[in-house]
Amino acid sequence: MDIKCRHCQALHWIGEKTSDSSVNAPKFGMCCNHGKVTIPNLEPPPEALRLLLTGDDAQSVEYRKNMWQYNIALSFTSLGVKEDQSVNRGRGPPVFKIQGELCHRTGALLPSPNKEPTYAQLYIYEPQAALEHRMRNNNNLRRDTMQVLQTVIKDNHQYATVYLHAHEILRQHPDTEEAEVRLRVAPGTHRRRGNLPTADEVAVILPGDQSEAQSRDIILRRRDGPLHRISDLHPAYTPLYYVLLFP
């Protein structure tokens with residue numbers, strides 16, 4: 001990948017050029033459709049995260065080395081996948097091979113009795129308690145870095161506020177275990193839009209309501225219940241999992 005699109009500067013292999021262009025003057029259509037599509041740049045990250053991404057000190061270097069593990073420790077959703085381990089029985093480097101498709105899943109807002117909180121459940125806890133849980137499961141990572149990132153997500157991530165709001169809503173119905181909150185997609189919403197959901201997109205559903213779940217709803221329950229698969233058409237699909245890319 002060393003050939004740049006003349007319009008958007010995306011990198012390509014020369015074999016990806018359009019059939020009506022030459023090797024000396026290649027054109028590409030898969031990135032920006034010959035300059036017809038303009039994708040806005042991502043918003044600059046919060047300052048604390050920017051320093052970790054660009055610094056050359058030991059903390060920044062360690063963060064970039066283990067960025068994927070930090071992201072998983074801080075994500076709201078889990079990865080649903082059937083992994084094929086048969087390819088890792090030899091002495092070669094590890095291989096991640098899956099059967100079927102990847103999906104993102106979310107569970108209840110509170111853990112079951114005697115269960116450790118995970119993923120979005122940790123955003124309901126006090127920050128210090130959440131940090132202790134995350135470090136117990138990731139004791140090879142730096143505590144100070146985890147604390148910085150946890151604060152960045154809590155203070156800046158759009159859905160950290162939404163999940164806390166959902167928890168408060170469900171607390172108002174303590175005797176209704178089957179109550180749920182649905183994060184809806186407003187009609188006409190672009191799947192990649194990342195704005196904070198409006199009041200019309202956070203719906204409280206109580207037992208007996210006649211409201212039907214929409215296929216793209218993210219369903220949040222107070223406790224118990226099966227893991228809910230998130231539609232990849234929901235605008236929250238990416239930022240709920242890749243939290244360090246969309247803080």
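Against the numbered list (1) out of contact with any Phe, Trp or Tyr (no Cβ under 7 Å at 6 or more places or on another chain); (2) within 30 Å of N138 (Cα to Cα); (3) surrounded by 10 or more Cβ atoms within 10 Å (Cβ to Cβ), D56 comes up short only at (3).
Residue by residue through region 1-23, note down the ones that are under 27 Å from N41 (Cα atoms) and assigned to a loop (DSSP other than H, G, I, E, B). Across region 1-23, the qualifying residues are M1, D2, C5, R6, H7, C8, Q9, A10, W13, K17, T18. Within region 166-181, being surrounded by 15 or more Cβ atoms within 10 Å (Cβ to Cβ) and modelled with pLDDT of 70 or more holds for A166, H167, I169, L170. Evaluated against (1) under 25 Å from the mean Cα position of the chain (by Cα); (2) at pLDDT 90 or above, F96 falls short on exactly one condition, (2). Selection of region 53-75 for residues being closer than 21 Å to Y159 by Cβ and touching a residue at least 40 places away in the same chain (Cβ under 8 Å) yields M67, Q69, Y70, N71, A73, L74, S75.
The values are calculated or read from the model by the stated rules, or taken from the named source; none is laboratory data. Quick caveat: nothing in here was measured; it's all calculated off a predicted structure. Cβ coordinates were reconstructed from backbone atoms using ideal geometry, including for glycine residues, and neighbour counts include every protein chain displayed.
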